[in-house]
Amino acid sequence: MKQARYGSPAGPAVDPTEFLARAGVHYKRRGIYPYCAACGEVVDLYGVFNANPGTTARFDHKDRPDNANPLDECVLSKRNSRLDFLIPSGFDDDRGERIRQQFRDPEFLALAYNFCLSLCRKGNLSAAQFRDLCKRADKKRIWAYADIRVWSIPYILLVLGDFTATNSNGRQYDFRFVFRKPRGSDLSALWLRPSSCHIEKVFDGGKPLKTDDNPYPVSETDFQMKAGDASWINVHLLRQLDWAA
Ligand SMILES: [Zn+2]
């Protein structure tokens, strides 16, 4: 990354040269670190003491354990191209807290799960899997993405997961979801220009699944339609869906 936050995740944005100018070369001894604006973790300064003109100074995320899920990478680490669609234009934490509460409202939570279940198909999305997707959204602070709409979050949850289904011959296959949006547009196209976006169900290798409704349109109305009648979701299941309870 070209920029990090100075001294805390909410500190001012600095480039590597500015960071060193302010914190000094003994920044570690002084306890002053650069932080990632997206995940809030301490990042490493790289290439700043290197005389090699081919090396550009930057901030790097720390290595993750080998067994870590690649979908848990920070969206700014650039280590998982599947997460490139999630690069934020900015965060609004106060609004994010309200959006998260709206999402956790039992009525909406039931709709969100029913929507995701309807796209994954029955049997392919347990309450525990749904909870894990919400926890991943927490880590990535999806709720706080500037200007995000609550109805668009269930679509994003689907893209943050890997799923497994069984075909009519009893054979298992992996699938996932990808966004189709106008070239060069960022995530906000999802709620600003939903009619130009789709969400597509693909096999692990990237080939689309051939069903009559795939790819699926993206909009608040389509979300409501796919979510349908969630009244079968009882209090017991709702408790299982709420990852933050
Ligand atoms: Zn990060």
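The values are calculated or read from the model by the stated rules, or taken from the named source; none is laboratory data. From a predicted model like this one, the values you see are computed outputs, not experimental measurements. Using ideal geometry, Cβ is built from the backbone for each residue, glycine included, and neighbour counts are taken over all protein chains shown. For the accessible areas, the whole protein counts, side chains as well, though only heavy atoms, and no ligand, DNA or RNA atoms are used. Shrake-Rupley method; radii C 1.70, N 1.55, O 1.52, S 1.80 Å.
Find the accessible area per residue for segment 166-245; the probe is 1.4 Å, ligands and nucleic acids are left out, and the unit is Å². Display every interim value, and only then the final one.
Values: 5040 Å² over 80 residues.
On a per-residue basis, segment 166-245 sits at 63 Å².
Using Cα pairs closer than 8 Å and at least 6 residues apart in sequence, work out the relative contact order for segment 4-86, in percent. The partial results should precede the final answer.
Values: 108 pairs, mean separation 19.1, N = 83.
It rounds to 23 percent for segment 4-86.
Which one, 23, 45, 12, is farthest towards the positive end of the dipole of segment 4-86 when Lys and Arg carry +1 and Asp and Glu -1 on their Cβ?
With unit charges placed on the Cβ atoms, the residue in question is 23.
Per the 1.4 Å probe, what fraction of the accessible area of segment 93-241, in percent, lies on carbon and sulfur atoms?
Values: 3650 of 7650 Å².
The computed percentage sits at 48.
Where does the chain land at 222 nm, in deg cm²/dmol rounded to the nearest 500, when only DSSP H runs of n ≥ 4 count, each adding -39500 (n - 2.57), divided by all residues?
Values: 9 runs with 78 residues, N = 245.
Mean residue ellipticity at 222 nm (helix-derived): -9000 deg cm²/dmol.
Please tell me which of these pairs span more than 28 angstrom C-alpha to C-alpha: 28/139; 140/210; 78/122; 2/207; 78/226?
Details: 28/139 26 Å; 140/210 31 Å; 78/122 33 Å; 2/207 34 Å; 78/226 32 Å.
The pairs that break the limit, which is 28 Å between Cα atoms, are 140/210; 78/122; 2/207; 78/226.
With +1 on each Lys and Arg Cβ and -1 on each Asp and Glu Cβ, how big is the dipole of segment 4-86 about its Cα centre, in debye rounded to the nearest 20?
280 debye
Residue 181: which aspartates and glutamates have alpha carbons under 14 Å from its alpha carbon, excluding same-chain residues fewer than 8 sequence positions away?
Answer for residue 181, where 14 Å is the Cα cut-off: 84, 200, listed by chain and number.
Per residue, how much accessible surface does segment 4-86 expose to a 1.4 Å probe? Answer in Å², no decimals. Numbers along the way, then the final one.
Numbers: 4830 Å² over 83 residues.
Per-residue accessible area for segment 4-86 comes out at 58 Å².
Would you mind getting me the FRET efficiency between residue 49 and residue 183? Use the beta-carbon distance for r and R0 = 45 Å, nearest 0.05.
Values: r = 38 Å, r/R0 = 0.85.
Computed FRET efficiency for residue 49 and residue 183 comes out at 0.70.
If a paramagnetic tag sat 7 Å from the Cα of residue 87 along the Cα-Cβ line, which residues of segment 1-21 would have the backbone N under 14 Å from that point?
Counting only backbone N, you get 1-3.
Just the number, please: carbon plus sulfur as a percent of the accessible area of segment 4-86, 1.4 Å probe, no ligands or DNA/RNA counted.
So the carbon and sulfur contribution to the accessible surface is 48 percent.
Count neighbours as other Cβ atoms within 10 Å of each site's Cβ, and list the trypsin sites (Lys or Arg not before Pro) in segment 69-122 that are DSSP loop with at most 16 such neighbours. It would help to have the intermediate numbers written out before the result.
Numbers: sites: 78, 79, 82, 95, 98, 100, 104, 121, 122; in loops: 78, 79, 121, 122.
Filter output for segment 69-122: 78, 79, 121, 122.
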